[in-house]
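Colleague: Provided herewith is a single structure, encoded as structure tokens, for subsequent inquiry.
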Amino acid sequence: MVFDCAIIGAGPAGLSAALTLKNHGKNVIWFGSKTLSDKVRKAEMITNYPGLANVTGGQLAAAFTAQIEAAGLEITDCMATSVIPMGARYAVIAGPDFYETETVILAVGAAQTRTLPRENEFLGRGVSYCATCDGGLYRGKTVAVICGNPRFEHEVRYLAGLAAKVWFLPTYKTDVSLGENVTLLKKGVTGLLGEARVTGLTLSDGETLAADGLFCLRDAVAPGTLCAGLEMTNGHIGVDRAQKTSLPRIFAAGDCTGRPYQYAKAVGEGNVAAHGVLEALGK
Ligand code: FAD
């Protein structure tokens, strides 16, 4: 099946785009977390969103969820790890699957993803963003996992079932035990070691760790890693007034395109991007 649009990111920008495309009867695949954006749920009190005076982030998230259900929208609970050009179309890689689409909307939030030095160099040569896709390559080996959110811990457990040894490096506070062969390390990762492939990591305390591979399980993939060749402006995805990026039929909306980081801007840009998609589809 070829989708009309792949929306990446289930925050306010992605939701706004999804609702507009759904209203126009478009066939959309929408990637993100079914729990929506942490940046919505964690807001203490929102006083600047039209129509909803003084709501908590939890209340806004509940309203969004109700609207998603009422509209019959479905979130594919998966990180998109790559957008690859395929002639006039794109393939979006998410988990072990790939999805063909006419257009893409990037609604991935502000890029908080600082990549490690040499991370891009080692992509496919020891660095992976998806345990279910690449875990099988590390059967009986040693892997390290940078885990950015407890919701990815099931992927660490999955790796523990394949690898001989897993170094678990969460970026949040936890004492969770994920398996007999999983060692929790409360240290940061500062770099990668290796020549042709990853052979280990350097850690914040100056120590080194031997590993055959590194899994980076983060809430976001840096836009330039997600879409090769995407033009960035001061750390944000460059867009025009129609939310078009530098790549044909790829649009971007919300915090990922720049400040101010606000719900109203995200929702507005999501809507404009959806209209850009409708125009690009010409149907
Ligand atoms: P986000 O909300 O960041 O959503 C992007 C989503 O995309 C994330 O869930 C991310 O995990 C997901 N994603 C990223 N990459 C991928 C991928 N490769 N595959 C799948 N999913 C992916 N704004 C206001 O206007 N008023 C306020 O009162 C306010 N209070 C705030 C309080 C807090 C504590 C914070 C943190 C922010 C607040 N903001 C407020 C800002 C507001 O939250 C953001 O501007 C808004 O959430 C941006 O929406 P977005 O859709 O662009 O991005």
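The values are calculated or read from the model by the stated rules, or taken from the named source; none is laboratory data. Here the structure is a predicted model, which is why all the values come from computation and not from measurement. Cβ: placed from backbone, ideal geometry, glycine included. Neighbour counts: every protein chain shown. What goes into the accessible areas is simple: the full protein's heavy atoms, side chains included, and nothing from ligands, DNA or RNA. Shrake-Rupley method; radii C 1.70, N 1.55, O 1.52, S 1.80 Å.
Colleague: How many residues are touching a strand residue (DSSP E or B) at 6+ places or on another chain (Cβ under 8 Å) and among the charged types (D, E, K, R) when one looks only at region 210-228?
Modeller: Final tally of qualifying residues: 2.
Colleague: In this structure, does LEU209 turn out to be farther than 15 Å from VAL108 by Cβ, open to solvent by less than 10 Å² (accessible area, probe 1.4 Å) and part of a strand (DSSP E or B)? Let's see the steps before the verdict.
Modeller: Numbers: farther than 15 Å from VAL108 by Cβ: yes; open to solvent by less than 10 Å² (accessible area, probe 1.4 Å): no; part of a strand (DSSP E or B): yes.
It is false that LEU209 is farther than 15 Å from VAL108 by Cβ, open to solvent by less than 10 Å² (accessible area, probe 1.4 Å) and part of a strand (DSSP E or B).
Colleague: Now for a separate question. When you look at THR132, is it at pLDDT below 95, within 15 Å of the ligand (Cβ to nearest atom) and surrounded by fewer than 20 Cβ atoms within 10 Å (Cβ to Cβ), yes or no?
Modeller: Details: at pLDDT below 95: yes; within 15 Å of the ligand (Cβ to nearest atom): yes; surrounded by fewer than 20 Cβ atoms within 10 Å (Cβ to Cβ): yes.
Spelling it out, THR132 is indeed at pLDDT below 95, within 15 Å of the ligand (Cβ to nearest atom) and surrounded by fewer than 20 Cβ atoms within 10 Å (Cβ to Cβ).
Colleague: Residue by residue through region 47-63, note down the ones that are out of contact with any helix residue (DSSP H, G or I) (no Cβ under 6 Å at 6 or more places or on another chain) and within 14 Å of ALA266 (Cβ to Cβ).
Modeller: ASN48, PRO50
Colleague: Restricting to region 236-277, name every residue that is within 14 Å of the ligand (Cβ to nearest atom) and over 17 Å from LEU15 (Cβ atoms). First the steps, then the outcome.
Modeller: Of all residues in region 236-277, those within 14 Å of the ligand (Cβ to nearest atom) come to 236-237, 239, 243, 250-274.
Across region 236-277, the qualifying residues are HIS236, ILE237, VAL239, ILE250, GLY258, ARG259, PRO260.
Colleague: ALA18: closer than 19 Å to GLN262 by Cα, more than 9 Å from the ligand (Cβ to nearest atom) and within 21 Å of the chain's Cα centre (by Cα), yes or no?
Modeller: Details: closer than 19 Å to GLN262 by Cα: yes; more than 9 Å from the ligand (Cβ to nearest atom): yes; within 21 Å of the chain's Cα centre (by Cα): yes.
Yes: the conditions hold for ALA18.
For (1) open to solvent by 10 Å² or more (accessible area, probe 1.4 Å); (2) touching a residue at least 40 places away in the same chain (Cβ under 8 Å); (3) more than 16 Å from the ligand (Cβ to nearest atom); (4) more than 29 Å from ASN27 (Cβ to Cβ), each residue gets a yes or a no:
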position: TYR90; (1), (2), (3), (4): yes, yes, no, no
position: LEU123; (1), (2), (3), (4): yes, yes, no, yes
position: GLY148; (1), (2), (3), (4): yes, yes, no, yes
position: ARG151; (1), (2), (3), (4): yes, yes, no, no
position: TYR158; (1), (2), (3), (4): yes, no, yes, yes
position: VAL189; (1), (2), (3), (4): yes, yes, yes, yes
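Colleague: On the given criteria, is PHE98 farther than 24 Å from LYS265 by Cα, more than 9 Å from the ligand (Cβ to nearest atom) and buried (at least 19 other Cβ atoms within 10 Å of the Cβ)? Quick ask: steps written out before the conclusion?
Modeller: Working: farther than 24 Å from LYS265 by Cα: yes; more than 9 Å from the ligand (Cβ to nearest atom): yes; buried (at least 19 other Cβ atoms within 10 Å of the Cβ): no.
Answer is no for this residue.
Colleague: Additional query: Tell me whether region 4-12 contains one or more residues that are touching a residue at least 40 places away in the same chain (Cβ under 8 Å), touching an Asp or Glu at 6+ places or on another chain (Cβ under 8 Å), open to solvent by less than 60 Å² (accessible area, probe 1.4 Å) and more than 7 Å from the ligand (Cβ to nearest atom). First the steps, then the outcome.
Modeller: Residues of region 4-12 touching a residue at least 40 places away in the same chain (Cβ under 8 Å): 4-12.
Then drop every residue that is not touching an Asp or Glu at 6+ places or on another chain (Cβ under 8 Å), which leaves 4-5, 11.
The next check asks that each one be open to solvent by less than 60 Å² (accessible area, probe 1.4 Å); those that pass are 4-5, 11.
Filter again for more than 7 Å from the ligand (Cβ to nearest atom), leaving 4-5.
Yes; the residues of region 4-12 include at least one that is touching a residue at least 40 places away in the same chain (Cβ under 8 Å), touching an Asp or Glu at 6+ places or on another chain (Cβ under 8 Å), open to solvent by less than 60 Å² (accessible area, probe 1.4 Å) and more than 7 Å from the ligand (Cβ to nearest atom).
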